[in-house]
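Here's the structure we're looking at; comments come further down.
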Amino acid sequence: MNISKDTALLARTLNRRIVVTSAIFALVVPATLHAQSASDVLDGPGSTAAQLDSDSQSQHRWSDWKASLKDRTGLDFGLDFNALGYVATESVGEDTAATGVLRLFGEWELTGRGTKNTGTLVGKVDYRHRLDTVPVKDFAGELGYAGIIGATYSDQRLRLTHLFWNQNFAEGRGAVYAGWLDVTDYVDAYALASPWQGFANLGFQTGTGTIGGLPDSALGVAAGYFWNDNVYISGGIVDANADARDPLAGFDTLFGEGETFKSLEVGWTTGPAARFFNNAHVTLWQIDAREEEGTPSGYGVSFHLSYVVREHWLPFLRGGWADAGDALYETAFSAGFGYSRDPSKGLFGVGVNWSRPNADTYGEELNDQITVEAFWMLELGKGIELTPSVQYIADPALNPEADSTTLFGLRFRAAF
């Protein structure tokens with residue numbers, strides 16, 4: 001199997017802009033190694049392993065010390081601060097929102113060091129706090145928009161995003177996660193889905209807004225396996241009632257209530273290291289009714305297509321359909337592209353989303369919506385990123401008085 005020049009060049013260009021996976025480096029090593037990284041099976045662009053790999057490229061003064069620590073002990077860690085703010089031209093309530101997020105994340109390779117079948121403890125703790133009257137995650141309601149903008153930019157304060165054991169097997173072709181999981185790490189992932197460095201609107205992220213629940217800090221298990229260098233399968237089952245602020249309650253909710261979120265994904269790629277660039281996959285999901293939350297059971301399907309074009313372009317087409325399950329949308333489609341010519345100049349992305357709000361979730365039939373998002377991520381210095389963005393929402397479904405609203409956003413990230 002050969003990885004094309006186009007794919008290799010784009011991966012080298014984007015791996016510092018978007019948090020793909022540690023396996024991006026494999027795009028420039030011999031093809032015989034491509035099937036050997038289990039992290040490619042499950043780690044999405046927002047995962048701890050991917051974030052650590054991306055940030056290691058920043059070459060901070062203490063990068064050498066961290067690398068030495070990892071070599072001696074198997075321990076790797078990172079710290080970053082993220083802030084996202086918006087101002088809107090039309091709203092039914094507040095017209096500004098802002099949130100800051102401080103994250104500590106790491107992984108500790110404890111067994112199988114020096115082999116492909118490693119065992120690693122992986123964790124991430126966040127402190128999410130509003131910087132304005134309204135946190136970004138709640139801003140859609142102020143706009144009369146049926147959707148979520150900045151899903152990770154809430155006001156939850158101290159929370160556990162994930163803490164799990166990652167066991168690789170079959171000489172690195174497979175991996176199993178067990179513990180408190182974030183399903184967005186492994187469900188319907190692609191290169192531009194990171195809320196920290198890619199698109200901010202959920203319509204361009206996991207499930208295109210058509211997957212219900214999407215719990216994080218959810219007690220459960222997930223697994224993935226590459227049948228060969230091109231075909232993979234992954235899936236998981238986790239607690240549907242997870243509470244990131246009280247993760248130990250997961251033992252009661254999972255084993256007591258037994259209400260779960262399940263997923264199964266089958267995909268094709270030109271090679272494990274190119275999984276989030278050259279990729280076609282289908283994701284099936286199902287969620288049980290949650291009695292305490294008062295939400296119905298549901299199920300659905302999502303798909304994704306993307307492929308590197310002319311070295312610098314990453315066009316994509318995504319979509320999904322849902323039957324109940326507390327999904328935002330019954331049906332949605334997104335198309336767009338990412339573009340990067342030089343790592344020193346950042347990443348540019350544009351996407352267009354059409355969505356039909358889920359009547360089971362909103363309690364009534366609502367009008368279809370069109371959303372356009374564009375962002376340009378710039379590296380101001382080592383580990384310092386600034387991302388201006390704009391979103392245009394036509395016919396916000398919960399604000400019939402407005403034909404449209406435009407959001408002007410600014411995202412800041414400092415990684416250490």
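The values are calculated or read from the model by the stated rules, or taken from the named source; none is laboratory data. For clarity, every value in this text was computed on a predicted model and none was experimentally measured. Ideal geometry is used to build each Cβ from the backbone, glycine not excepted, and the neighbour counts take in all protein chains shown.
Screening the candidates G351, G338, G346 for the property of being modelled with pLDDT under 95 and among the small types (G, A, S) yields one hit, G346.
Looking at R113, R159, just one residue is more than 17 Å from the chain's Cα centre (by Cα), assigned to a loop (DSSP other than H, G, I, E, B) and more than 24 Å from P388 (Cβ to Cβ), and that residue is R113.
Which residue is nearest to T133 (Cα to Cα), if the candidates are limited to the range 73-92 and must be surrounded by 15 or more Cβ atoms within 10 Å (Cβ to Cβ) and aromatic (F, W, Y)? Here the answer is Y86. If you take the residues of the range 161-192 that are surrounded by fewer than 24 Cβ atoms within 10 Å (Cβ to Cβ) and out of contact with any strand residue (DSSP E or B) (no Cβ under 6 Å at 6 or more places or on another chain), which of them is nearest to I287 (Cα to Cα)? Restricting to residues being surrounded by fewer than 24 Cβ atoms within 10 Å (Cβ to Cβ) and out of contact with any strand residue (DSSP E or B) (no Cβ under 6 Å at 6 or more places or on another chain), the top hit is F169. Among the residues of the range 294-317, those identified as closer than 22 Å to D360 by Cβ, touching a Gly at 6+ places or on another chain (Cβ under 9 Å) and not β-branched (V, I, T) are P296, S297, G298, Y299, G300, S302, F303. Just the residues that are part of a strand (DSSP E or B), in contact with a Leu (Cβ under 7 Å, 6 or more places away or on another chain) and over 22 Å from D132 (Cβ atoms), please, taken from the range 378-416. Scanning the range 378-416 gives L378, L380. Among the residues of the range 316-345, those identified as in a helix (DSSP H, G or I) and free of Cβ contacts under 8 Å to residues at least 40 places away in the same chain are S344, K345. Of all the listed residues (G213, G220), the sole one being under 23 Å from G258 (Cβ atoms), part of a strand (DSSP E or B) and either at pLDDT below 95 or out of contact with any His (no Cβ under 8 Å at 6 or more places or on another chain) (or both) is G220.
Contact map, the range 86-107: residues that are in a loop (DSSP other than H, G, I, E, B) paired with residues that are among the charged types (D, E, K, R), Cβ distance under 6 Å, separation 6+ or inter-chain. Pairs shown: S91/E142; G93/E142; E94/E142. Among the numbered conditions (1) surrounded by 17 or more Cβ atoms within 10 Å (Cβ to Cβ); (2) at pLDDT 95 or above, the only one that P296 does not meet is (1).
Regarding the range 233-247, can at least one residue be identified that is assigned to a helix (DSSP H, G or I), more than 17 Å from the chain's Cα centre (by Cα) and more than 25 Å from N358 (Cα to Cα)? For the range 233-247, residues assigned to a helix (DSSP H, G or I), more than 17 Å from the chain's Cα centre (by Cα) and more than 25 Å from N358 (Cα to Cα): present.
G267 passes every criterion in (1) assigned to a helix (DSSP H, G or I); (2) of a type in the set (G, A, S); (3) modelled with pLDDT of 95 or more apart from (1). Candidates in the range 223-232 are the residues that are assigned to a strand (DSSP E or B) and hydrophobic (A, V, I, L, M, F, W, C); of these, the one that is nearest to the chain's Cα centre (by Cα) is A223.
Listed here are the residues, each with its yes/no results for (1) crowded, with 21+ Cβ neighbours inside 10 Å; (2) more than 22 Å from G172 (Cβ to Cβ); (3) modelled with pLDDT of 65 or more.
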{"site": "A38", "(1), (2), (3)": "yes, no, no"}
{"site": "Q51", "(1), (2), (3)": "yes, no, no"}
{"site": "S56", "(1), (2), (3)": "no, no, no"}
{"site": "Q59", "(1), (2), (3)": "no, yes, no"}
{"site": "D71", "(1), (2), (3)": "no, no, yes"}
{"site": "E94", "(1), (2), (3)": "no, yes, yes"}
{"site": "E107", "(1), (2), (3)": "yes, no, yes"}
{"site": "L110", "(1), (2), (3)": "no, no, yes"}
{"site": "H129", "(1), (2), (3)": "no, yes, yes"}
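Flag set for T152, criterion: under 30 Å from Y232 (Cβ atoms), under 21 Å from the mean Cα position of the chain (by Cα) and in a loop (DSSP other than H, G, I, E, B).
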